[in-house]
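> Here it is, the structure, as structure tokens.
Read the figures in this text as sums done on the coordinates, not as results from a lab. Just so it is clear, the model here is predicted, and its values are computed rather than measured. Backbone-built Cβ (ideal geometry, glycine too); neighbour counts: all protein chains shown.
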Amino acid sequence: MKPSRREFLATGGALIVAFSLPRAVFAALPGDLEKFPLLDAWIRIGADGAVTVFTGKAELGQGIKTALAQIAAEQLAVGIERIGLVTADTGRTPNEGFTAGSRSMQDSGTAIMHATAQVREILIAQAAKRLGVEPGQLIAQDGEVRAPDGRRIAYGALVANEMLHAKAAPESKLKARAARTVMGKSVARVDIPGKLAGAASYVHDLRLPGMVHARVVRPPAYGASLVSADVASTVRMRGVLGVVRDGSYLAVVATREWQAIQAMRALKDSAKWREAAKLPAQRELYSAITRLQAQDTVILSQGAAAEGANVHEAAYQRPYQMHGSIGPSCAVGLFKNGALTVWTHAQGVYPLRDALSELLALPKERVRCIHMEGAGCYGHNGADDAAADAALIARAVPERPVRVQWMREDEHAWEPYGPAMVTRARASLDGSGYIASWRYEVWSNTHSTRPGGAGSLAPAWHLAKPFAPPPPRPIPQPEGGGDRNAIPLYRLPNARVTHHFIPAMPLRVSALRGLGAYMNIFSIESFMDELSRAARADPVAFRERHLDDRRARDVIHVAAERFGWTGFRAQRGRGRGFAFARYKNHAAYAAIAMEVEVIRDTGDIHVLRAVAAVDSGEAVNPDGIRNQIEGGIVQSLSWTTREAVGFDDTHRTSFDWSGYPILRFPAVPGRIDVEVIDRPKQPFLGAGEAAQGPAAAALANAVAHALGIRLRDMPLSPERIKAALRPVPVVAKQAAG
């Protein structure tokens, strides 16, 4: 190992974080212990008994700070309030890559559970030596090891030197389920009280001594180049400390934030740009997507090619969609003594560190990225780009912290969008109403342009010596990108699924929560509903008879039963819908039933109630899982009924909430019930992205049931619903006849 500044020595009896030996030395270990097998990479116990747990995953609002603290508290036998949790910091924590794909519990939670359990047993063994008794006679409780005769030793008194600088074992003595007091319980989120009280919770709230403020003048369109700008007048404005220009990259720095905004607006008004039309016509978006050159991959091929006689086809379409973070992206950078520190809400601090290292031509050990929460994300929004802004501007203003806050129009226009997609399904039914054949195709751009190198950062494109974006690539199965969840979990004796990966990106795209799973589940589950009606079968029963997975059948059964599916009575304008998926076909299971009312005159959809069942393996914090499913349903309803990026042949046109409407409070479902199916001793399965696809399809299926008309193109907006309900002119009917 080469020592780096991230490696610390044990001092004063404290156990401090350390990092991995070569991976090949160790046998397979649980979770991310496989990557970082030393116990003190995950846990520190100070001489005062203070417990600090380290995770390379970031808190994004999904509640992992609480769940990970619960795991550590349980296995160490201390109160959760005694656990200090350090998240995603290149100077302190393991490199767990991106916080993405609902893998935090599976990777980091599993590692922390086993590491803390093994630390508990090491402490018990150490106490046994001091007390002269067998380890089996001792128990760990409340930060102490206790003997039957009343003698006890605090954890802090047991730690010494590098006692925990030892590799983890493949097996751990986990606390018995019957003895658990923290895991499996609904614990209040540890991050909520501060947020409710207005504490400095987000990177947006960070204030450092001597901090200055910056704003960036963005190009008006992709590929635009700066011709001129009135820098001289801007630098004379009150409070302005300077203007940073590097090629077409243009930013202003001021003492106060409002001064920076005023100067940015003046500089923007004076700027002249060279630009050219490059975008497709929005009305022809989907035909343009299917005409673009694609790399075709058959990701599933099984059974014979023959089709049954009863053939059905459908096509579904999704527009470009935003993250639409409520708090625009923000970062704080400090360039001091030749080193850069950036406070950021990026979802991958180590990949970002590598990209910033390349951007500034600094050795990686001279760049530190520290995660702080951002006000909304779930995917690759502008956080990494804002960090690049902070790095570039901080280098130009050394020794002073520089806070860069994006404007709303920056966030809407420059964040990477979720890709527009087209899917086509074709299936046949046999005489018994079973699916005899299945053909499915999906057209999509990449779903990840995350850092990576400097070329993944938008500010790097505008420099005098620009960095080119790396070639877009698909994410391979079984995770998948545009083809995530394109392979149904259903039993299909004759099936073929094709992914048409499109390298060309008319608009900038990257990861949006769930990636292609949202659209593929929407399409597949809408089509399953259409097939069930063609087979004259109940939609729930139709799904169940095509499933062999017991856990899948369980979530379907529970959701349908809690909803009262069999007793539902249809009313005019009201309908019920159902959908199911297992996220990525190897993560959490979710089934959702939904009741809606559609107002024919206005086209408005009112979601009266939604009932969900979720199986995400062993449930550490059931209430936290419910939070994730509830939030996923609400977010999905916003995507599915309202959201679509607007653009013309040159510019994006969605710059504010009027141009990109999202769900408001009056449109939130009247009721959401979530049933958590706990699976003791089963692996953790992340729940953060399990609900979006099923919620979208359940909504579409309920609308079809309410109206008797199937809408296959998103968003299911009032305008689209009214157009579908509009009577077909008599002349057109006659011509069609």
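> Based only on other Cβ atoms within 10 Å, what is the fewest-to-most ordering of Trp406, Trp657?
In increasing order of surrounding Cβ atoms, one gets Trp657, Trp406.
> At a 10 angstrom cut-off on C-beta neighbours, averaged per residue, how do the peptides 696-704, 64-72 rank from highest to lowest?
Those peptides, ordered most packed to least, come out 696-704, 64-72.
> Applying a 10 Å radius around every beta-carbon, put 186-194, 31-39 in order of their mean neighbour count, most first.
Working: 186-194: 14.7, 31-39: 23.7.
Ranking the peptides 186-194, 31-39 by packing returns 31-39, 186-194.
> Calculate how many DSSP beta bridges within the range 23-185 are antiparallel, expressed in % of all such bridges and rounded to the nearest 5. Don't skip to the answer; put the middle values down first.
Numbers: 10 of 15 bridges.
So the antiparallel bridges amount to about 65 percent of the total.
> Excluding residues on the same chain fewer than 8 positions from Lys465, give the aspartates and glutamates whose Cα lies under 14 Å from its Cα.
Those aspartates and glutamates meeting the cut-off are Asp246, Glu358.
> When a footprinting reagent is the concern and you count Cβ atoms within 10 Å, what order do Thr116, Thr566, Thr52, Thr650 take, fewest first?
The most exposed by this proxy come first: Thr566, Thr650, Thr52, Thr116.
> Taking H placed 1.01 Å from N in the peptide plane, check which residues at least 5 places from Met237 or on another chain put their amide H under 5 Å from its amide H.
Correct list: empty.
> Sticking with this one: Which of the listed residues, Pro30, Gly79, Ala69, is farthest toward the dipole's positive end in the range 23-185, when Lys, Arg count +1 and Asp, Glu count -1 at the beta-carbon?
Positive-end residue among those listed: Gly79.
> Output the pairs from Lys57/Lys195; Lys278/Lys364; Lys195/Lys336; Lys129/Lys173; Lys35/Lys336; Lys35/Lys57 with a Cα-Cα distance over 25 Å in this structure; if there are none, say none.
Lys278/Lys364; Lys195/Lys336; Lys35/Lys336
> Taking loop as defined by DSSP and a crowding limit of 11 other beta carbons within 10 Å, which trypsin sites (Lys or Arg not before Pro) in the range 234-265 fit?
Passing both the DSSP loop test and the Cβ count: Arg236, Arg238.
> Still on this structure: Filter the trypsin sites (Lys or Arg not before Pro) in the range 476-557 to those in DSSP coil with at most 11 other Cβ atoms within 10 Å of their Cβ, and list the result. Show your work: numbers first, answer last.
Working: sites: Arg484, Arg491, Arg496, Arg508, Arg513, Arg533, Arg536, Arg543, Arg545, Arg550, Arg551, Arg553; in loops: Arg484, Arg491, Arg508, Arg513, Arg536, Arg545.
Within the range 476-557, the qualifying trypsin sites (Lys or Arg not before Pro) (loop, at most 11 other Cβ atoms within 10 Å) are Arg536.
> Sticking with this one: Size of the dipole of the chain about the Cα centre, Lys and Arg at +1 and Asp and Glu at -1 on the beta carbon, nothing else charged, in debye to 20?
Values: 89 positive and 72 negative charges, 97 e Å.
Roughly 460 debye for the chain.
> Explain nothing, just the number: relative contact order of the chain, from Cα pairs under 8 Å at least 6 residues apart, as a whole percent.
Relative contact order for the chain comes out at 13 percent.
> Where in the range 394-473 are there GluC sites (Glu not before Pro) that are in a DSSP coil and have at most 15 other Cβ atoms within 10 angstrom of their Cβ? Don't jump to the answer; show the numbers that get you there.
Values: sites: Glu399, Glu409, Glu411, Glu441; in loops: Glu399.
When the GluC sites (Glu not before Pro) of the range 394-473 are filtered for loop state and at most 15 Cβ neighbours within 10 Å, Glu399 remain.
> Among DSSP beta bridges whose residues both lie in the chain, state the antiparallel percentage, nearest 5.
Just about 75 percent of them are antiparallel.
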